[in-house]
Amino acid sequence: MTTSPLRVAVIGAGFMARAHSHAWRTAPRFFDLPREPRLSVLVSRDETRGQKAAHDWGWDSWSGDWRSVVERDDIDVIDICTPGDTHAEIAIAALRAGKHVLCEKPLANDPADAAEMVAAADAAARQGIVALCGYSYRRTPALASARRLIAEGALGTIRHVRAQYLQDWLSDADSPHTWRLDRASAGSGALGDIGAHSIDTAQWLTGERIEGVSAHLRTFVTSRPQRSAEVGLGGTGDLDAERLPVDVDDAAAFIAGFSGGALGVFEATRMALGHRNANRIEINGDRGSIAFDFERMNELEYYSEDDADDRRGFRTIQATDPAHPYADAWWPTGHGLGYEHTFTHQVVDFVRSIDGTPEPPTFADAYQVQRVLAAVEESAGDEGRYTRVR
């Protein structure tokens, strides 16, 4: 580790900023990094919330003005953890100011903004500036192991991709309205919030791009009460106040064609009762299959057609052995990791990218996901007509 610290500013004071704060603080204590991150400043428009978050999560200071922070000479990294409608403006300003950028997903609310971010990142890259997008599930050891298996040919030719992301925190029609239910802020609902993860994971694992989709979107609850208390992603609704309109999807379902010929089936919903965070994917090839569910994040299911006839069946791989990506930095074999570790691994890869080769997903990778999201919405608006990804 060099003596020069990597001075970080996080923009935001919500759920994602909390996860990122934990990661920045933890990464250099478990991994050898070329530079040690310093939690320099947390930025929030809400003074009370921002100051408390900065204190609780270990930041040196607080600011209410991201623009002034971006221009500061004593900041090296801008970490964007704000709603999607703000990503492009902050990221482009930061890159032009010579700051490395880590931006939460999805990259932006539409392909046009995402394309501008890619152009800014490409220009900054020529000056040695790194810009990555935070698709954190790539950093789950079991999924990283699955990618390695697929790259080694263990599944053979990919035929099927089956991806679901199921949550239930919006199942109650009186759950309160939040920015995630406002199209101007979020861009879309379940599709962009959690479906984007499934799209990125499927393309990353298979090494193939989605080329076209046929989709349907549904909004089951068209208005929700204003929030009176915040708990987790939602909280408590004020049932006596005027209800606010919901103009994003509650659920998305689509089939997809992949560049290598595979057929994909995707589902994303925040209204599947009993499923807290079931981020699932199964991939079938002509020689084997893998299956993963984040609710059992330390396990990978693997089937091999090469097994003897009397031994065929899915086997459970415990992805806690040091041979699995990232796992050697943590606990003895069998002592599982949690959600927060994926963000720590993300910071590790980001910091190492600054002094080496940029670790995907780059802004260009995230732009591809944005294009798929746009094609899904276009198809859904045209009664599910097959739509090319453009």
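The values are calculated or read from the model by the stated rules, or taken from the named source; none is laboratory data. The structure displayed is predicted, hence computed values, not measured ones. Note: ideal-geometry Cβ built from the backbone for every residue, glycine included; neighbour counts use all protein chains shown. We work out accessible area using only protein heavy atoms, side chains counted, and drop any ligands, DNA or RNA first. Shrake-Rupley method; radii C 1.70, N 1.55, O 1.52, S 1.80 Å.
The residue list Ile281, Tyr303, Gly264 was ranked by how far each Cα lies along the charge dipole of segment 237-384 toward its positive end, using unit charges on Cβ atoms, and Tyr303 comes out on top. Using the Cβ-Cβ distance between Arg390 and Thr86 with R0 = 25 Å, the FRET efficiency computed as 1/(1 + (r/R0)^6) comes to roughly 0.50. Among the GluC sites (Glu not before Pro) within segment 319-390, those in coil by DSSP and having at most 11 neighbouring Cβ atoms inside 10 Å are Glu383.
A Gaussian network model of the chain, with springs between Cα atoms under 10 Å, assigns the largest mean-square fluctuation among Gly84, Gly14, Gly356 to Gly356. Taking all protein chains as they are arranged and a probe of 1.4 Å, the heavy atoms of Trp204 leave approximately 30 Å² accessible to solvent.
Checking every one of the trypsin sites (Lys or Arg not before Pro) in segment 112-165 against DSSP loop status and a limit of 15 other Cβ atoms within 10 Å picks out Arg126. Computed on segment 42-175, with alpha-carbon pairs under 8 angstrom and 6+ residues apart, the relative contact order is 15 percent.
Per residue, the convex hull spanned by the Cα atoms of the chain amounts to 143 cubic angstrom.
What is the magnitude of the charge dipole of segment 272-367 about its Cα centre, with +1 placed on the Cβ of each Lys and Arg, -1 on the Cβ of each Asp and Glu, and no other charges, expressed in debye to the nearest 20? Don't jump to the answer; show the numbers that get you there.
Values: 8 positive and 18 negative charges, 58 e Å.
That gives segment 272-367 a dipole magnitude of about 280 debye.
Taking 7 Å steps out from each Cα toward its Cβ at Ser304 and Arg29 produces label points 3.9 nm apart.
Loop-located trypsin sites (Lys or Arg not before Pro) across segment 181-282 with a Cβ neighbour count of 11 or fewer within 10 Å are Arg276, with loop assigned by DSSP. A simple charge model with +1 on the Cβ of Lys and Arg, -1 on the Cβ of Asp and Glu and nothing else charged puts the dipole of segment 1-92 at about 300 debye relative to its Cα centre. Glu378 to His335: FRET efficiency via 1/(1 + (r/R0)^6), r the Cβ-Cβ distance, R0 41 Å, to the nearest 0.05? After rounding, the FRET efficiency stands at 0.35. This model, with +1 at the C-beta of Lys and Arg and -1 at the C-beta of Asp and Glu, gives the chain a dipole about its Cα centre of some 440 debye.
Only one residue of Pro245, Ala190, Trp57 has its Cα farthest out toward the positive end of the dipole of the chain, where Lys and Arg carry +1 and Asp and Glu -1 on Cβ, and that residue is Trp57.
Only Cα pairs under 8 Å and at least 6 apart count here; give the relative contact order of the chain as a rounded whole percent.
Values: 902 pairs, mean separation 77.6, N = 390.
RCO, the chain: 20 percent.
At a probe radius of 1.4 angstrom, the accessible area of the chain per residue rounds to 43 square angstrom.
Counting DSSP beta bridges in the chain, what percent are antiparallel, to the nearest 5? Before the final figure, lay out each step's value.
Details: 46 of 74 bridges.
Approximately 60 percent, going by the DSSP bridge assignments.
Normalised by the number of residues in segment 64-112, the average gap of Cα pairs under 8 Å and 6 or more apart makes the relative contact order 41 percent.
Within the listed set Asp249, Asp293, Asp307, the residue fluctuating most in the Gaussian network model of the chain (springs between alpha-carbon atoms under 10 angstrom) is Asp307.
Given R0 = 51 Å, the distance between the Cβ atoms of Ala125 and Arg312 translates into a calculated FRET efficiency of 0.60.
How many percent of the accessible area of segment 198-241 is carbon or sulfur, using a 1.4 Å probe?
The C+S portion of the solvent-accessible surface of segment 198-241 is 44 percent.
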